[in-house]
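The values are calculated or read from the model by the stated rules, or taken from the named source; none is laboratory data. All figures in this text were calculated on a predicted structure; none of them were measured in a lab. All Cβ positions, glycine included, derive from the backbone under ideal geometry; neighbour counts span all protein chains shown.
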Amino acid sequence: MDIDGGARFDLLVWLASPRPGEEGWTGRIFDDVESACVQVGLQIERYQAPSKAMLLDALDRIAGLARQGRKPFLHLDMHGSEQEGIEIAASNEHVPWSLVVHKLRAINEATGNNLCVVAATCEAFHAIKLVGMTQAVPFFLLVAPSIKVKSGFLQDHIAPFYRQMLETRDIIGSIKANLEPDMRVFHCGAALARAMAQYISVHCKGKTGEERRERLLSEVLLAGRPRTPSTLGEIRKSIKAGVKPDQAMLDRFADKFLVGKPCGFSFEQLNTFVEALIEANVTRRRISERLARR
């Protein structure tokens, strides 16, 4: 099944670890989602994770399915927190987000950056803090709360979200209609654009970019190059060309981060975003300076 946003899936995997006494209402949500899947002919599988080892094994098995060509869509039905990660209530264990993200990255790489994750897990959105621009992104799309989410919200909104998404194939519209603002969205393409814009505006433009080039110049001179006017001019020219942001630089970052999937925007479009970001930062700084003088 293709969904709007550039992803497709042929299997919904429901990974559950409820607390004692929650089996009733979490089971009813699953039954409703399973019924919606049956109506559109989508396979759905439920994995129980009563221990940390079984959760990690389930994620490894999902990665194995992905390596065989399956395109899983993953739902996490469990408790968690920003500091401790995913809670395994039955065994009184926690799985840190760093380990969860590592496992998700393996799945996403196997799918070619196609993994969508809905994490009905308190504070799960904080997992994006472990996403680095210089390594493969762990999910194409993550939908998760950044705060504690109430069971009543999940009971009222999770099944309608899946029904709408499966019927319309519009995941973003379904999120907006059913899950926001309690749950937030991370999209890998938008994240790359923001990160690249921030990197270019801070490290390649203006005063900070000039300071960076001077630091590189000092490193070259310390390595033994002679300090003559002609040599300084030559080195500065080389450094400026080497750190100048361009389409090739964007392509290098995008190829690694997006696991080879096209990023969906050009350097020209990114540069327009960068200039707007720089202008906004300048405006904020001027306003702050005026307020400080009052």
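Some notes on this structure:
- Among the criteria (1) among the aromatic types (Phe, Trp, Tyr); (2) within 16 Å of Pro160 (Cβ to Cβ); (3) surrounded by 19 or more Cβ atoms within 10 Å (Cβ to Cβ), the one Trp25 does not fulfil is (3).
- Glu84 of a type outside the set (S, T, N, Q) and either more than 29 Å from Arg163 (Cβ to Cβ) or surrounded by 15 or more Cβ atoms within 10 Å (Cβ to Cβ) (or both): yes
- From the options Arg163, Arg184, residue that is basic (Lys, Arg) and closer than 22 Å to Val38 by Cβ: Arg163
- Flag for Ala144 being of a type outside the set (S, T, N, Q), closer than 24 Å to Phe273 by Cβ and either under 18 Å from the mean Cα position of the chain (by Cα) or in the same structural domain as Ser98 (by TED's automatic domain parsing) (or both): no
- With respect to the conditions (1) in contact with a helix residue (DSSP H, G or I) (Cβ under 8 Å, 6 or more places away or on another chain); (2) farther than 27 Å from Glu268 by Cα, Pro181 falls short on a single one, namely (1).
- Selected residue (criterion: modelled with the lowest pLDDT) from residues of the range 244-272 that are over 20 Å from the mean Cα position of the chain (by Cα) and surrounded by 15 or more Cβ atoms within 10 Å (Cβ to Cβ): Pro245
- Qualifying positions in the range 89-104 - closer than 18 Å to His75 by Cβ and at pLDDT 95 or above: Val95, Trp97, Val100, Val101, Lys103, Leu104
- Note on the range 16-121: enclosed strands (runs of 3 or more DSSP E) holding 2 or more residues that are among the charged types (D, E, K, R) are 43-48.
- Condition check for Val137: under 13 Å from the mean Cα position of the chain (by Cα), in a strand (DSSP E or B), at pLDDT 95 or above and buried (at least 20 other Cβ atoms within 10 Å of the Cβ): no
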